[in-house]
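Just below is one structure, and these are the notes that go with it.
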Amino acid sequence: MLKKNAPQNNASKNKEQQENQNQLALQNSTDQLKKIRSALRALRDAVILLNDDDGLEWWNQAAEDLLLLQSADHGESIFDFINVPEFRQYYHNKITANDGVHMKSWRDPNRYLKCELTPFGDEKLLIIYDVTRLQHLEQMRRDFVANVSHELRTPLTVLMGYLENFSDQEDMPRQWRRGFELMTQQTARMNRVVNDLLLLSRIEIEETHELHYIDMTKLLTHVYDDAQAYNQEYGHTLHLQIDTYDGLYGSEMYLNSALSNLVINAIKYTPKGGNIIISWAKTTDGCRFAVTDNGIGIAPEHIARLTERFYRVDSGRSRATGGTGLGLAIVKHVLYQYDTTLQIESSEGRGSTFSAIFSTAKTCSPP
Ligand code: ADP
């Protein structure tokens, strides 16, 4: 009798064991989910889950405090709570921001926020960070650099003036002449660094610029003429190819500095007798500015860092050609104003192309 019932008992025992295991697994998952939720709730950054209709699906306490959310807001559009143009553009991929979008808080102008969106499936995870402290530190850094550069300007002008006067003296003892030459060279270099730092600070500080129509044909002809003067000791052949009359809206002075920097670099970093092409042409997305040289080129590992302040591939060569190491940083910041970035293609020993595409939103036909 006992023997006959054994398989049945075993089967029900197994079933029971399986059920217990399932129960345990479910309990574990529920516990973990609870933990994740409470961790997300405890986060000081606002976390919001958005559905495929941009509606609010889930949020944590920080999001509730920041956006003044209530449970009745479930399903409401995120744009009813964050009505900031930069956010809208970022959300709809109109601006490329790998690092999220930074903006002033719409409720408290002294607070700065960073929104970062991560799509997964049809939904999106939005994280909003309070970056006020970072923003203040960044502001302190900018102010410090601007103040130091400004303070150095007057002493440098006085030094340069006296050095020039002394160097002009015919009866200066020979043993001093070399010393004076070096002092004059180094003071001029310091002056270039200070001027570039001041220019960078101005570009960074001025958030809004007066926008003017920029006649690109005129501006590029000007850049080309200046470059020809600089080119005299290098003897390159410079070509200017303008294939469109389209211009840009922006600040002419800054754009002139940026494009000149790219052209002067092409001249500096190309062995004598090279070929340099400066071009402005229409593309499907807007207009493209490019400078191509057949110079020394750049090894791939340096390319990503070239726009950092004072980054040089070969600091000896940069200094010898009068470089400050700030040229490409200036270019990067000027291009920000046009919502575009610097593209660098280069092959060591063969040459480089530095280019930027200005979208149709920034270009325009002559008035
Ligand atoms: P610098 O004043 O040293 O020229 P930049 O910021 O203008 O500073 O450029 C940074 C570095 O990028 C340069 O030191 C140089 O090594 C490299 N570089 C820039 N343009 C070119 C180019 N056309 N060809 C090769 N290297 C370049």
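Taken about its Cα centre, segment 56-122 carries a charge dipole of roughly 360 debye when the Cβ of each Lys and Arg holds +1 and the Cβ of each Asp and Glu holds -1. Overall shape: oblate for segment 55-141, with the ratio a/c of the largest to smallest alpha carbon gyration tensor axis at 1.5 or above and b/c at least equal to a/b. Distances between placed amide hydrogens fall under 5 Å for Gly295 paired with Gly351, Ser352, all partners being 5 or more residues away or on another chain. Cross-link check: pairs Lys124/Lys282; Lys114/Lys282; Lys114/Lys362; Lys114/Lys268; Lys218/Lys268 evaluated at a Cα-Cα cut-off of 32 Å; pairs beyond the cut-off: Lys124/Lys282; Lys114/Lys282; Lys114/Lys268.
Of the peptides 55-67, 29-41, the ranking by mean beta-carbon count within 10 Å, highest at the top, reads 55-67, 29-41.
Here the 3J(HN,Hα) profile of segment 210-221, calculated from phi with Karplus coefficients 6.51, -1.76 and 1.60 at θ = phi - 60°, is 6, 8, 10, 6, 10, 7, 5, 4, 5, 4, 6, 5 Hz, Gly and Pro shown as x. Placing +1 on the Cβ of every Lys and Arg and -1 on the Cβ of every Asp and Glu, with nothing else charged, gives segment 138-268 a dipole about its Cα centre of roughly 580 debye. Let me see the pair-distance distribution of the chain: every alpha carbon pair, 20 Å bin width, integer percents in order. Histogramming the chain at 20 Å steps yields 21, 41, 24, 10, 4, 1, 0 percent. Residues whose amide H lies under 5 Å from that of Tyr112, counting only those 5 or more places away or on a different chain, are Ser105, Val131, Thr132; hydrogens are built 1.01 Å from N in the peptide plane. Highest mobility in the GNM of the chain, judged by mean-square fluctuation with C-alpha springs under 10 Å and restricted to Leu126, Leu238, Leu68, is found for Leu68.
Can you find, among Leu219, Leu159, Thr283, the residue sitting farthest towards the positive end of the charge dipole of the chain, where Lys and Arg contribute +1 and Asp and Glu -1 at Cβ? Farthest along the dipole direction, towards plus: Leu159. On a 0 to 90° scale, report how tilted helix 252-268 is relative to the longest principal axis of the chain, with both axes built from alpha carbons and the result rounded to the nearest 10. Once rounded, one gets 80 degrees. As a proxy for reagent exposure, ranking Met140, Met190, Met103 by other Cβ atoms within 10 Å from fewest up yields Met140, Met190, Met103.
With the highest mean first, a sort of the peptides 263-275, 295-307 on other beta-carbon atoms found within 10 angstrom per residue produces 263-275, 295-307.
Charges were assigned to the Cβ only: +1 to each Lys and Arg, -1 to each Asp and Glu. The resulting dipole of segment 220-307 about its Cα centre is roughly 200 debye. Computed from backbone phi with θ = phi - 60° and the Karplus coefficients 6.51, -1.76 and 1.60, the 3J(HN,Hα) list for segment 26-40 is 5, 4, 4, 4, 4, 4, 5, 4, 4, 4, 4, 4, 6, 5, 5 Hz; x is used for glycine and proline.
Here the Gaussian network model covers the chain, with springs between Cα atoms less than 10 Å apart; of Asn83, Asn261, Asn147, Asn83 fluctuates the most. Annotation note: GluC sites (Glu not before Pro) in segment 169-245 located in DSSP loop regions with a Cβ neighbour count of at most 10 within 10 Å are Glu170, Glu207, Glu210, Glu233. Per-residue ellipticity at 222 nm from helix content only, as computed over the chain with -39500 (n - 2.57) for each DSSP H run of at least four residues, stands at -16500 deg cm²/dmol. Projecting the Cα positions of Tyr90, Thr132, Leu43 onto the charge dipole of the chain (unit charges on Cβ atoms of Lys, Arg, Asp and Glu, taken about the Cα centre) puts Leu43 furthest along the positive direction.
Across segment 64-76, rounded Karplus estimates of 3J(HN,Hα) from the backbone phi angles (6.51 cos²θ - 1.76 cosθ + 1.60, θ = phi - 60°) give 4, 5, 5, 9, 6, 7, 10, 4, 5, 7, 3, x, 5 Hz, Gly and Pro being marked x. If you take the Cα centroid of segment 279-338 and the Cα centroid of segment 166-228, the two points sit 18 Å apart. Taking the charge dipole of segment 199-327 about its Cα centre, with +1 at Lys and Arg Cβ atoms and -1 at Asp and Glu Cβ atoms, the residue from Tyr269, Tyr254, Thr292 reaching farthest to the positive side is Tyr269.
The chymotrypsin sites (Phe, Trp or Tyr not before Pro) found in segment 288-367 that occupy coil by DSSP, while having at most 15 further C-beta atoms within 10 Å, are Phe310.
Bear in mind that the values in this text are calculations on the coordinates, not laboratory data. Just so you know, these numbers come straight off a predicted model, no measurement behind them. Heads up, the Cβs are rebuilt from the backbone with ideal geometry, glycines too, and the neighbour counts pull from every protein chain shown.
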